[in-house]
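A.B. asks: Just passing along the structure, written as structure tokens.
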Amino acid sequence: ITGCHACTSTTSCTSCRTGFIGTTSCVCPSGLVVSGFCSSIYGCTAISNITGIPLCTACDETLLLILAANFTCICQGGTTTLLNGICKMNCGDGYVLTTEGCDDGNTVSGDGCTSTCKVEEDWLSIGIGATTSVCKISVTPNL
């Protein structure tokens, strides 16, 4: 039984694992069961039982999350944490995320990187991470 620590049968628990609650059945209050453990950490994708305490050990990078030193998932650089805990990309901040094609530090189109951080046609973007991308023309224009 998911979340059950001790059982009297295949359908009845006598005690629940850490984080789960219940009497004859165990439920995870957050509804987030990761690696068999109950977690309240948004975006956690793997949990290990370290020193008897289940701790988050990996975060969903597709949600723009990284693992913090305190075993929680936080929004990576170049994003903003919204009130609901979800990360939002900051286009134009000069921090190139894997979900962005480019980020040249502005939201002006026509310079190789669009206002929505997509590489424009006939341009190449160089740079990823904390370095502002540089856009260069990839096709020689016909003049």
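The values are calculated or read from the model by the stated rules, or taken from the named source; none is laboratory data. A quick note: this is a predicted structure, and the numbers were derived from the prediction, not measured. Positions of Cβ are backbone-derived with ideal geometry, glycine not excepted, and every protein chain shown enters the neighbour counts. Heavy atoms of the whole protein, side chains included, go into the accessibility calculation; ligands, DNA and RNA do not. Shrake-Rupley method; radii C 1.70, N 1.55, O 1.52, S 1.80 Å.
A.B. asks: How many residues does the stretch 13-35 hold that are over 19 Å from the mean Cα position of the chain (by Cα) and open to solvent by 30 Å² or more (accessible area, probe 1.4 Å)?
C.D. replies: Of the residues in the stretch 13-35, 13 are over 19 Å from the mean Cα position of the chain (by Cα) and open to solvent by 30 Å² or more (accessible area, probe 1.4 Å).
A.B. asks: If you take the residues of the stretch 22-39 that are in contact (Cβ under 8 Å) with a residue 12 or more places away in the chain and not in a strand (DSSP E or B), which of them is nearest to Phe71 (Cα to Cα)?
C.D. replies: Ser35
A.B. asks: Can you tell me how many residues within the stretch 123-138 are at pLDDT below 70 and among the small types (Gly, Ala, Ser)?
C.D. replies: Within the stretch 123-138, residues that are at pLDDT below 70 and among the small types (Gly, Ala, Ser) number 2.
A.B. asks: Mind listing whichever residues of the stretch 61-106 are among the β-branched types (Val, Ile, Thr) and part of a loop (DSSP other than H, G, I, E, B)?
C.D. replies: Thr72, Ile86, Thr98, Thr99
A.B. asks: Could you tell me whether the stretch 93-115 includes any residue that is touching a Lys or Arg at 6+ places or on another chain (Cβ under 7 Å), at pLDDT below 90, over 30 Å from Thr2 (Cα atoms) and of a type in the set (Val, Ile, Thr)?
C.D. replies: Checking the stretch 93-115: not a single residue is touching a Lys or Arg at 6+ places or on another chain (Cβ under 7 Å), at pLDDT below 90, over 30 Å from Thr2 (Cα atoms) and of a type in the set (Val, Ile, Thr).
A.B. asks: Would you be able to say whether some residue in the stretch 11-24 is within 30 Å of Asp104 (Cα to Cα) and modelled with pLDDT under 85? Don't jump to the end; show me each part of the working.
C.D. replies: Narrowing the stretch 11-24 to residues within 30 Å of Asp104 (Cα to Cα): none.
Within the stretch 11-24 (the criterion being within 30 Å of Asp104 (Cα to Cα) and modelled with pLDDT under 85), the answer is no, since none of the residues qualifies.
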